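Chemist: Right, I'll just put the structure down here and ask away after.
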Amino acid sequence: MIRRADKSNLAWLASSWLVCLASWLVAGGCTRSQYRHAADREAYCLVDSRQSDPRWEVPSRPVEPASISRMYVDPNPDCPPKPQDDLAAKRYMDHPNCIDNTKYYSRFPTKPHTENPIWLDYLPRDEDDNVQLDLELAMDLALLHSREYQSQFELVYLTALDLSDNRFEFACQWAGGLGAGFLAEGEDLGGDRALTVSDGLGFQRQLAGGGQFATSLANSLFWDFGNSGLDAGSASLVSTFTQPLLRGAFRYVRLENLTQAERDMLYTVRDFARFRRLFYLGITDSYLNLLTQVQAIRNTRTNVKNLRASLDEYQAYIDLGMVSPVEVDQVYQNYQSGRLSLLSAEQRLAQSLDNFKFQLGLPPWVPLEIDESLLEPFELVNSELVQLQDAAQQLYQRLVQFLPPEKAPREVLEAGLSDFLELREQVAEQLPAIEDELSAWRERLDALDEDQLSTDDRLDAQQQATAAARITTSLKELHARLEKRDEDAQILRQVLAQYDASPAAAPADDDVASEDDAAEQQQAAPRRRRSVDGDEDAESHPAIVAWQALLDSVGGQLREEVSELYVAQTQIRLFSIDIPSLDIQQQTAITYAHQNRLDLMNTRASVTDAFRRVEVAADQLESSLNLTGRMALGSDPGINNAFRFDSSANSYQVGVQFDGPL
């Protein structure tokens with residue numbers, strides 16, 4: 001009841017209200033930053049709690065992108081500037097339905113950029129501003145800049161927040177507040193003028209069995225500044241309890257949402273762990289595909305280069321009357337087809353490289369240089385042998401332009417002889433290395449146990465053995481010919497020494513080469529000789545004989561030897577590429593997948609989730625029977641003290657509520 005209070009009691013009540021007000025202001029003063037850090041701590045803890053098995057462990061990392069990432073946000077995540085908006089959509093935020101809404105958001109500055117402006121400073125580049133990209137660097141860049149990877153980890157974080165929210169439902173949830181109201185009645189000074197101040201504090205708790213418990217404490221202070229001059233205070237402590245007995249009464253029903261959230265957290269961590277593996281495989285596969293295209297372009301360029309050399313040779317032949325225009329046109333057509341294939345391959349590589357940049361999270365204008373060191377085991381011919389082949393072809397083209405009755409200058413033949421001898425020495429130098437590769441290949445073949453091989457592998461081994469025997473014979477014959485290179489050089493020098501002699505003094509054919517050797521050289525270097533008008537003995541001139549001997553040696557001997565080395569090394573290195581086989585039985589692979597496939601684990605668990613949801617849905621078919629209780633403790637109405645409770649003001653209530661399944 002309201003009664004007049006003394007001044008000391010009124011001051012005590014006012015001071016208690018001020019203390020409650022200060023406590024409430026302090027408790028309610030949490031900032032965005034505090035809430036964000038609290039959410040981070042709980043989310044990261046929940047993520048770590050699900051890493052209970054090494055098969056789905058994931059590295060600990062913050063949800064925010066790194067400071068050197070393109071996706072890095074502003075250093076103040078709690079009050080960041082506005083992002084750049086779309087101009088057409090901006091007016092609907094500033095004036096929705098033609099209502100001015102610019103006052104609040106106009107205080108925020110606008111970000112001058114859409115991505116982190118300094119990420120390029122941390123991009124590893126060489127002096128030419130190119131990124132020398134290898135597989136390890138590609139993976140590091142993808143982890144920094146890939147939007148797909150960032151989105152997947154953010155999904156893990158958001159799932160942890162959902163679980164935190166479900167757990168909070170079963171925690172003590174505190175609530176408190178203050179209120180004040182002023183009442184004025186009557187128009188003259190004699191009317192009532194009353195001030196009422198109230199405060200409250202309480203909590204509620206959801207129980208695992210479906211029950212709910214709530215308790216609240218409320219105080220009320222009253223001052224009448226009118227004619228009555230009354231002041232008063234009252235307090236109440238109220239507790240309520242509700243417990244379902246049928247529908248929603250059991251733990252398996254009440255805990256369903258929490259159970260699903262707990263399991264979803266595990267599913268998400270597993271999904272992210274599997275995504276990381278697939279992400280790594282995807283980056284690796286794309287990188288290796290780029291290398292495959294680079295190697296294909298290498299091979300195509302070599303083919304185009306050879307076609308170009310053949311075209312140049314045929315163009316020289318047609319000027320000399322050695323081939324017909326139709327043959328030149330055919331070679332030209334092959335050359336243009338090779339160029340078209342090369343351009344198409346380069347275009348596909350450029351497109352694949354742009355797609356790879358997007359996969360890494362990089363813009364397409366970033367210059368990348370693919371590290372080609374992984375292709376070294378697949379180089380079927382060394383660069384020295386390729387240069388040797390080009391040099392032999394160029395030497396032959398320099399000599400073939402001098403056809404009878406023209407006479408090659410002596411200095412041209414001397415230079416050609418010098419180049420020929422030097423190139424044959426290089427052939428001899430290349431031979432031991434190729435023979436060593438052949439020996440290593442044959443040792444590997446000899447070590448194979450054909451009884452342990454499958455039918456296909458046994459057939460492949462037999463084919464390799466046949467090719468190895470053929471190459472061995474070819475290299476032995478080449479080795480024997482190269483041992484006679486000093487004798488061949490002496491014969492060529494003797495022929496060249498007769499350059500200035502008269503036709504009668506020219507050496508006989510037997511002194512140069514046998515008829516069989518001459519026939520072989522003619523077949524090795526086929527050509528058409530122009531008719532000699534008025535000079536039937538021109539081809540027997542010593543200068544032409546010397547030119548012919550050198551041309552046959554270069555075209556029919558040197559180029560053939562280089563070609564034999566080229567083919568031998570190509571086949572040896574091709575068959576020496578050893579990709580170890582992975583012999584896994586089907587049942588073993590299936591068993592391993594059953595035990596380690598994370599997506600299969602989640603799918604198996606989702607079947608149980610569906611079963612559980614059926615049982616929970618069946619609970620909703622039951623009747624509703626609830627047991628309720630309420631207890632209220634009040635202050636003594638005869639004493640002006642808001643914190644003194646009296647049994648005369650208490651009340652207790654208990655009841656049952658039933659709702660049939662109608």
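Derivation of every value follows stated rules applied to the coordinates shown; laboratory data play no part. For clarity, every value in this text was computed on a predicted model and none was experimentally measured. Cβ coordinates were reconstructed from backbone atoms using ideal geometry, including for glycine residues, and neighbour counts include every protein chain displayed.
Chemist: Along the charge dipole of the stretch 235-330, Cβ charges K/R +1 and D/E -1, which of Ala235, Ser324, Asn306 sits furthest on the positive end?
Modeler: Result: Ala235, furthest along the dipole toward the positive end.
Chemist: Compute the FRET efficiency between Ser576 and Gln84 as 1/(1 + (r/R0)^6), taking r as their Cβ-Cβ distance and R0 = 60 Å, and round to the nearest 0.05. All intermediate terms of the calculation are to be shown ahead of the outcome.
Modeler: On the way: r = 58 Å, r/R0 = 0.96.
Given R0 = 60 Å and the Cβ-Cβ separation, E is 0.55.
Chemist: Suppose R0 equals 45 Å. What FRET efficiency, 1/(1 + (r/R0)^6) with r the Cβ-Cβ distance, do Glu376 and Gln333 give to the nearest 0.05?
Modeler: On the way: r = 34 Å, r/R0 = 0.77.
Computed FRET efficiency for Glu376 and Gln333 comes out at 0.85.
Chemist: By the gyration tensor of its Cα atoms, with a ≥ b ≥ c the square roots of the eigenvalues, what is the shape of the stretch 304-351: rounded for a/c under 1.5, prolate for a/b over b/c, or oblate?
Modeler: Prolate, since a/c reaches 1.5 and a/b exceeds b/c.
Chemist: In the chain, if the dipole is taken from +1 on Lys/Arg beta carbons and -1 on Asp/Glu beta carbons about the Cα centre, which of Val47, Gln463, Leu431 is farthest to the positive end?
Modeler: Val47
Chemist: Something else: Less than 15 Å from a label point 7 Å out along the Cα-to-Cβ axis of Glu262: which backbone N atoms in the stretch 32-55 qualify, by residue?
Modeler: 46-47, 49-52
Chemist: I need the shape label for the stretch 432-497. Rule: rounded when a/c is under 1.5, else prolate if a/b > b/c, else oblate, with a, b, c from the alpha carbon gyration tensor. If you can, show how the numbers build up before the last one.
Modeler: On the way: a/c = 6.44, a/b = 3.81, b/c = 1.69.
Prolate, because a/c is 1.5 or more and a/b exceeds b/c.
Chemist: Which residue, chosen from Gln295, Thr259, Gln333, occupies the Cα position most advanced towards the positive end of the dipole of the stretch 239-339, where the dipole is computed from +1 (Lys, Arg) and -1 (Asp, Glu) charges on Cβ about the Cα centre?
Modeler: Ranked along the dipole, the leading option is Thr259.
Chemist: Roughly how many nanometres apart are two label points built 7 Å out from the Cα toward the Cβ at Glu346 and Ala316?
Modeler: 2.6
Chemist: Let me ask something else about it. Highest mean first, how do 278-286, 148-156 rank when packing is the count of other Cβ atoms within 10 Å averaged over residues?
Modeler: Averaged packing, sorted descending, gives the order 148-156, 278-286.
Chemist: Which FRET efficiency value, to the nearest 0.05, do you get for Asp128 and Val63 by plugging their Cβ-Cβ distance into 1/(1 + (r/R0)^6) with R0 = 51 Å?
Modeler: Efficiency computed from Cβ-Cβ geometry: 0.90.
Chemist: Still on this model: Please report the antiparallel percentage of the DSSP beta bridges confined to the chain, to the nearest 5.
Modeler: Roughly 95 percent of the beta bridges in the chain run antiparallel, per DSSP.
Chemist: Give the peptides 427-434, 397-404, 341-348 in descending order of average Cβ contacts within 10 Å, highest first.
Modeler: 397-404, 427-434, 341-348
Chemist: Further question on the same structure: Once you keep just the Cα pairs under 8 angstrom separated by 6 or more residues, what percentage relative contact order results for the stretch 167-285?
Modeler: Reported as a whole number, the value is 19 percent.
Chemist: For every other residue with a beta carbon closer than 13 angstrom to the beta carbon of Leu207, add +1 if it is Lys or Arg and -1 if Asp or Glu, then tell me the sum.
Modeler: +2
Chemist: Contour minus end-to-end for Arg147 and Leu448, with contour as 0.36 nm per residue of separation and end-to-end as the Cα-Cα distance? If you can, show how the numbers build up before the last one.
Modeler: Details: separation 301, 0.36 × 301 = 108.36 nm, distance 4.90 nm.
Length difference between fully extended and current span is 103.5 nm.
Chemist: Shape of the chain from its Cα gyration tensor (a ≥ b ≥ c, root eigenvalues): rounded if a/c is under 1.5, otherwise prolate when a/b > b/c, or oblate?
Modeler: Judged from the Cα gyration tensor, the chain comes out prolate (a/c at least 1.5, a/b above b/c).
Chemist: If we count every other residue with Cβ under 13 angstrom of Glu379's Cβ, Lys/Arg +1 and Asp/Glu -1, where does the sum land?
Modeler: -2
Chemist: To continue, here is another question. Could you state the angle between the C-alpha long axis of helix 515-524 and the longest principal axis of the C-alpha atoms of the chain, as a value from 0 to 90 degrees rounded to the nearest 10?
Modeler: Between the helix axis and the principal axis of the chain, the angle is about 30 degrees.
Chemist: Now for a different question. Would you calculate, for the chain, the mean residue ellipticity at 222 nm contributed by helices, counting each DSSP H stretch of 4 or more residues as -39,500 (n - 2.57) and dividing by all residues, to the nearest 500?
Modeler: Estimated from H runs of four or more residues: -18500 deg cm²/dmol.
Chemist: Show me the ranking of peptides 257-265, 292-300 by mean Cβ neighbours inside 10 Å, starting with the highest.
Modeler: Highest mean packing first, the order is 257-265, 292-300.
Chemist: For the chain, take the longest principal axis of its alpha carbons; what is the angle in degrees between that and the long axis of helix 256-319, to the nearest 10 within 0 to 90?
Modeler: Orientation of helix 256-319: about 20 degrees from the principal axis.
Chemist: Another one. Compute the acute angle (0 to 90°) between the alpha-carbon long axis of helix 455-483 and the principal axis of greatest extent of the alpha-carbon atoms of the chain; round to the nearest 10°.
Modeler: Once rounded, the angle reads 40 degrees.
Chemist: For the chain, calculate the relative contact order in percent as a whole number, restricting contacts to Cα pairs under 8 Å that are 6 or more residues apart.
Modeler: Details: 779 pairs, mean separation 113.5, N = 662.
Result for the chain is 17 percent.
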